[in-house]
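**Student:** Here's a structure for you.
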Amino acid sequence: MFDKSHDLFPIKDQYVYLTHCGIAPLYANAFRRQHEVAEQHMRTGALIFREYDPILDRLREAAAAMMRVSPEDVAFVKNTTEGISLIAAGYDFQPGDEILSYVHEYPANHYPWRLQERRGVTLVLLPDQETVAASPVAWRFDDLTALVTPRTRMIAISHVQFASGFVADLAKLGEFCRARGIDLVVDVAQSLGCLPFYPEELGVAAAVASGWKWLLGPIGCGLLYVAPSLRAKISLSMVGAETMQQGVDYLDHTWAPHASAKRFEYSTAPITLAAALECCVREIALRYGLEAIEREIYRLQDVFLGTLDRNVARPVFESTTLRTPILSLIVPGGANAMRKRLQKENVICTERGGYLRIAPHFYNTEVEMERAARVINSAK
């Protein structure tokens, strides 16, 4: 079913690549599409703008299909930080309001909320369930509910935590937030492209992801989903010609922002990156389906775990109900030392929060997973 060829993933010629939770290799057809648009720019100059709106429209349509939402609710952004910052800066917070988040969130999902303290907003941080552990593990739903107050306006959380790989139960959390009128904003950088994510069904008000992790796109692009109900609460914090409906009539300064999520695309977009990202979404996520991609990743994890010597390294979460595409390992001999050992054997992983992260994608193979596990075992 899956095309795992070296033509589409030439990184396989040299490496066993298992760090899609960091910077993934660019999908080869996306590179070709990016080059094609760049060549059009080179050969036609300003005439490339005949393709500007069609390229962005096709990306929004593809991303919307992947998330089962309307294209009107999707915007093209540079990265997760930009998307979250546009939400945080524009949200109608009032002094005394509270934002609830997790103490070990990735910086992109921390600093934009922390910045709202200058508006008199309190950032409440959910503690880790392991209060004596040196590394992040997870948060408890009971702890979250205990911290919610009548002033809680927003919960900002990651679908999958970048260090431990802990996955939030978004269905349960979304239902909780809906019942209390709390807006749920989710960082999906570590899930979009490898896990099913359908924000309308989950009660998610906004979600943001970078395009160069599990989506296998180019560096410098991302996707922002904003539900219509949340857009009504957000004032624009960044504006430009692309914000407005009058388009290229640059002498018309009428204040007429797009009603759709296009209002967040405030300036000229890098359409070479947008075209490449659209290629990834259509040829991978929509072609194979997120559910099938998830199953293949877990199958490959099982191959790895079936070979792994638990005396050398063991998963943070053994239960299959808590598994995610990030398989974080506790390495008593040191995660960073093990990362370096693997890299010497051309097996590429990352270390975050004291864990060794094994993050295969659908195009990896059983042979590659067994090889990675054997390199780890050899440290015994």
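Since every read-out is calculated from the coordinates, none of them should be taken as a lab result. Fair warning: this is a prediction, and the values are worked out from it, not measured in the lab. Ideal geometry is used to build each Cβ from the backbone, glycine not excepted, and the neighbour counts take in all protein chains shown.
**Student:** What lysines sit close enough to residue 340 to cross-link, taking a C-alpha to C-alpha distance under 25 Å and skipping anything fewer than 8 places away on the same chain?
**Tutor:** The qualifying lysines are 12, 213, 380.
**Student:** Can you give me the distance in nm between label points at residue 311 and residue 175, each placed 7 Å from the Cα along the Cα-to-Cβ direction?
**Tutor:** 4.5
**Student:** Would you mind pulling out the separation of the Cα centroids of segment 24-54 and segment 323-380, in Å?
**Tutor:** Measuring centre to centre over Cα atoms gives 35 Å.
**Student:** What value, in deg cm²/dmol to 500, does the helix sum -39500 (n - 2.57) over DSSP H runs of n ≥ 4 give at 222 nm once divided by the residues of the chain? The partial results should precede the final answer.
**Tutor:** Values: 12 runs with 124 residues, N = 380.
Rounded to the nearest 500, the figure is -9500 deg cm²/dmol.
**Student:** Could I ask something else about it? Would you calculate the convex hull of the Cα atoms in segment 254-360 and tell me its volume per residue in Å³?
**Tutor:** Numbers: hull volume 20.2 nm³, N = 107.
In segment 254-360, the Cα convex hull volume per residue is 188 Å³.
**Student:** How do 117-127, 45-55, 207-217 rank on mean C-beta neighbours within 10 Å, highest first? Provide the component values of the computation, followed by the final result.
**Tutor:** Values: 117-127: 15.0, 45-55: 13.0, 207-217: 29.0.
Those peptides, ordered most packed to least, come out 207-217, 117-127, 45-55.
**Student:** Set Lys and Arg Cβ to +1 and Asp and Glu Cβ to -1, take the dipole of the chain about its Cα centre, and tell me which of 23, 95, 334 lies farthest positive.
**Tutor:** 334
**Student:** Given q = 0.13, 0.24, 0.26 Å⁻¹, what are the Debye log10 I(q)/I(0) values for segment 255-311, with equal point scatterers placed on the Cα positions and solvent ignored?
**Tutor:** -0.62, -0.96, -1.00
**Student:** Which FRET efficiency value, to the nearest 0.05, do you get for residue 143 and residue 241 by plugging their Cβ-Cβ distance into 1/(1 + (r/R0)^6) with R0 = 41 Å? Don't jump to the answer; show the numbers that get you there.
**Tutor:** Details: r = 45 Å, r/R0 = 1.11.
Efficiency computed from Cβ-Cβ geometry: 0.35.
**Student:** Using every alpha carbon pair in segment 299-380, what percent of pairs falls into each 5 Å bin from 0 up to the bin containing the largest distance?
**Tutor:** With 5 Å bins starting at 0, P(r) equals 3, 16, 30, 30, 17, 4, 0.
**Student:** Can you grab the distance from the C-alpha centre of segment 284-309 to the C-alpha centre of segment 184-240, Å, no decimals?
**Tutor:** Here the answer is 23 Å between Cα centres.
**Student:** Beta carbons within 10 angstrom, averaged per residue: use that to sort the peptides 259-272, 312-325, highest first.
**Tutor:** On the way: 259-272: 19.6, 312-325: 16.4.
Ranking, from highest mean packing down: 259-272, 312-325.
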